[in-house]
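Written below as structure tokens is the structure these notes are about.
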Amino acid sequence: MKKLLTGGVIAVCLQGCGDQPPIEIYTYKQGSDNGFVVAEEPYLSVKVTAKSKDVEIQNVIVNHGDCKRVASPKVWGVELSPPLPKKLGPDQSVGQAFNYSCSIKHIKVITDLGAWEWEY
């Protein structure tokens, strides 16, 4: 009975842990659209958040590299985009800044646990 229960738990974990990314992404534009500019230059932000385990974010690629990363935007002199790679614990985030005029169609996030892609 013990072997059967152990096998069932492993099977459920393999099904449930399959291709689900260990991260979530959020995108938004910061700058002149909101009428209140706090950043020195407007930018497109891609925020990556670790869901439930430690993960190292190695790269964030927007539109297959056609959307150019910009120098780290600053708010009141503080940099908002730390350099990659960046190790995240559960519920921790890292943001990356891209050209404000970019229209997102595809995002690829490369981590130490694999790569995941989103289409818009």
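The values are calculated or read from the model by the stated rules, or taken from the named source; none is laboratory data. In this text, all values refer to a predicted model and were calculated from it rather than measured experimentally. All Cβ positions, even for glycine, are placed from backbone atoms using ideal geometry, and neighbour counts span all protein chains on display.
Name the single residue that is surrounded by the fewest Cβ atoms within 10 Å (Cβ to Cβ) among those in the stretch 88-106 being farther than 16 Å from Val70 by Cβ and not charged (D, E, K, R).
Kept after step one, since they are farther than 16 Å from Val70 by Cβ, are these residues of the stretch 88-106: 88-93, 105-106.
This time we only want the ones that are not charged (D, E, K, R), so: 88-90, 92-93, 106.
Details: Leu88: 20, Gly89: 10, Pro90: 12, Gln92: 14, Ser93: 15, His106: 15.
Among them, the one singled out is Gly89.
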Can you tell me how many residues in the stretch 56-103 are β-branched (Val, Ile, Thr), assigned to a strand (DSSP E or B) and out of contact with any Pro (no Cβ under 7 Å at 6 or more places or on another chain)?
5
Consider only pairs whose beta carbons are under 8 Å apart and that are at least six residues apart or on different chains; among these, list those whose first residue lies in the stretch 76-90 and is modelled with pLDDT under 70 and whose second residue is of a type outside the set (Gly, Ala, Ser).
Trp76/Val38
Of those in the stretch 107-120 that are buried (at least 17 other Cβ atoms within 10 Å of the Cβ) and among the aliphatic types (A, V, I, L, M), the residue farthest from Val62 (Cα to Cα) is Ile110
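Among the residues of the stretch 1-56, how many are acidic (Asp, Glu) and at pLDDT below 85?
Selection size over the stretch 1-56: 4.
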Exclusive hit being of a type in the set (A, V, I, L, M, F, W, C) and either within 14 Å of Val48 (Cα to Cα) or exposed (fewer than 15 other Cβ atoms within 10 Å of the Cβ) (or both), set Val70, Val60:
Val60
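Taking Val60, is it touching a residue at least 12 places away in the same chain (Cβ under 8 Å) and touching a Ser or Thr at 6+ places or on another chain (Cβ under 9 Å)? First the steps, then the outcome.
Values: touching a residue at least 12 places away in the same chain (Cβ under 8 Å): yes; touching a Ser or Thr at 6+ places or on another chain (Cβ under 9 Å): no.
It is false that Val60 is touching a residue at least 12 places away in the same chain (Cβ under 8 Å) and touching a Ser or Thr at 6+ places or on another chain (Cβ under 9 Å).
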Those residues that are of a type in the set (Lys, Arg), out of contact with any Asp or Glu (no Cβ under 8 Å at 6 or more places or on another chain) and under 19 Å from Ser101 (Cα atoms), I need them from the stretch 42-81; list them, please.
Lys47, Lys68, Arg69
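Can you say whether Lys108 is under 15 Å from Asp54 (Cβ atoms), in contact with a strand residue (DSSP E or B) (Cβ under 9 Å, 6 or more places away or on another chain) and not in a loop (DSSP other than H, G, I, E, B), as far as the supplied structure shows?
Values: under 15 Å from Asp54 (Cβ atoms): no; in contact with a strand residue (DSSP E or B) (Cβ under 9 Å, 6 or more places away or on another chain): yes; not in a loop (DSSP other than H, G, I, E, B): yes.
Criteria not met by Lys108.
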